[in-house]
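Heads up, the thing below is written out as structure tokens.
None of the figures in this text is laboratory data; all of them are computed from the coordinates on show. A quick note: this is a predicted structure, and the numbers were derived from the prediction, not measured. When we count neighbours, we look across all protein chains shown, and the Cβ atoms used for this are built from the backbone with ideal geometry, even at glycine.
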Amino acid sequence: MASRDTELEAIIEPSSRIDAATAPVEGSHQQGLAQPEEGRQEFSLPPVDGGKDAWLFLAACFAIEALVWGFPFAFGVFQDYYSTHEPFSKSPNIAVIGTCAMGVMYLTSPLIMGFVRLCGRWARWTSIIGLFIMCLSLAMSSFSTNITHLIATQGVLYAVGGCLAYSPCILYMDEWFVQRKGLAYGIMWSGTGLAGVVLPLLLEWLLHSFGFRTTLRLWSGVLFALTIPLACYIKPRSPYSATSHVKPFNLKMFTMPSFWLYQLANVIEATGFFLPGIYLPTYARSVFGAASYSSATTILLVNVASVFGCVAMGFFIDRLHVTTCILLSTIGATIGALVIWGLSSSLPLLYFFCAVYGFFAGSYTSAWPGIMKDLVRKGEATGQGYLDASQVFGWLSAGRGIGNVVSGPLSDSLIRGLPWKGDTAAYGYGSGYGSLIVFTGVTALLGGASFIWRRLGML
């Protein structure tokens, strides 16, 4: 029979679970042997790695990913509007709204993952609760009269709701996909890149047509209408078992040096990853005199390329060792930043950098399933016992959140006074953004340190 003792069982022995759930029973004597416990019933589980239910689950996860994470990734549109329109035009800390929306979602992931795990059989319904909180936060933010109100609603409350809505997707992914798990994660995470193309254009049109209050109310209603039906497909593959006991806050990975090595590289990479997304439009305008649409195209190219990068990384992570996949991302992102961006002398070359950087750097987090799998296996091999993959994901997200929060104030200091401007050749390095370019490239390079650590026997 299929009981959901742990997700590790799904990783190691998926076929045994399926066989046990679907084994035919012939004759009353055989039925008695197959069902030693009185009242037990035979049933079949949906297949893993394919089938209608698995693909519907993944499609729902893709849409939830796009709608939950796409909004904070498109906050630059709101930041531009708030800074130029009353009643917020003269207010400081507008950028804090976007930092809270994204940073809080990352940083609270381990806590909310543990809370959702505590919910047991009710965990699947946390998606609907989280989506309701998100919609409520956006509706409340439409009544804001100062930045503090926006930080509390569009920032913090939205992030808490988004993390609640998103957590069951991670929790149940291990049940629905085993051999194609990396590809499934890659497809799901590509939703953010796709939303990063569509939502900025849509929200910018709404803001300039109707103002921020009507835009937030409209988007709240649209979000509710789109996501609530999808949440019905965010469900476990296996029925909840009362005898299933998975510790909600499993911190055994903290005793493993491998976890800290992966996490260190993850945090370092994140401190530089977000910087191009913040400054590329400004860079295109100030250095090449690009018009508004041309400068916004830089972000669109990064997001479009990241869609393909996430799916490609998901494909490779199912076939290659995780450190090899991280190395591929590292090489592309480093060359993109230090060579293409640093030596770019025209807008077309900058566009080429955006595509390269989006494809390689944008795929870095799609290597996380490989890290989760590697740590789970190492935990078993070293006698650590069961390692909750969802908690590994939560803490990797928290590490990325640290990089996200740090990168904001750090970037201000990197470009203050436009260092190196005119001191080098008239390329990216001499544009006043040279230190930012170098920092982005170096952090991308150090993000691939896990490949070296494995070669040295440390992983």
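Quick rundown of the values:
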quantity: Relative contact order [Cα under 8 Å, 6+ residues apart], the chain, whole percent; calculated: 21 percent
quantity: Pairwise centroid distance, computed over Cα atoms, of segment 132-167 with segment 68-86, Å; calculated: 13 Å
quantity: Among Thr215, Ile112, Ala101 - extreme Cα towards positive end, dipole of segment 88-234, charges at beta-carbon; calculated: Ile112
quantity: Amide H contacts of Val48 (H built 1.01 Å from N, under 5 Å, at least 5 apart or other chain); calculated: none
quantity: Point-charge dipole on Cβ atoms (K/R +1, D/E -1) for the chain, about Cα centre, debye to 20; calculated: 660 debye
quantity: Protection-proxy order for peptides 344-357, 266-279, each taking the mean of Cβ atoms within 10 Å per residue, highest first; calculated: 266-279, 344-357
quantity: Lysine pairs within the chain, Cα separation less than 21 Å, 8 or more sequence positions apart or different chains; calculated: 10
quantity: Gyration tensor (alpha-carbon) shape descriptor, segment 225-373, a/c threshold 1.5; calculated: prolate
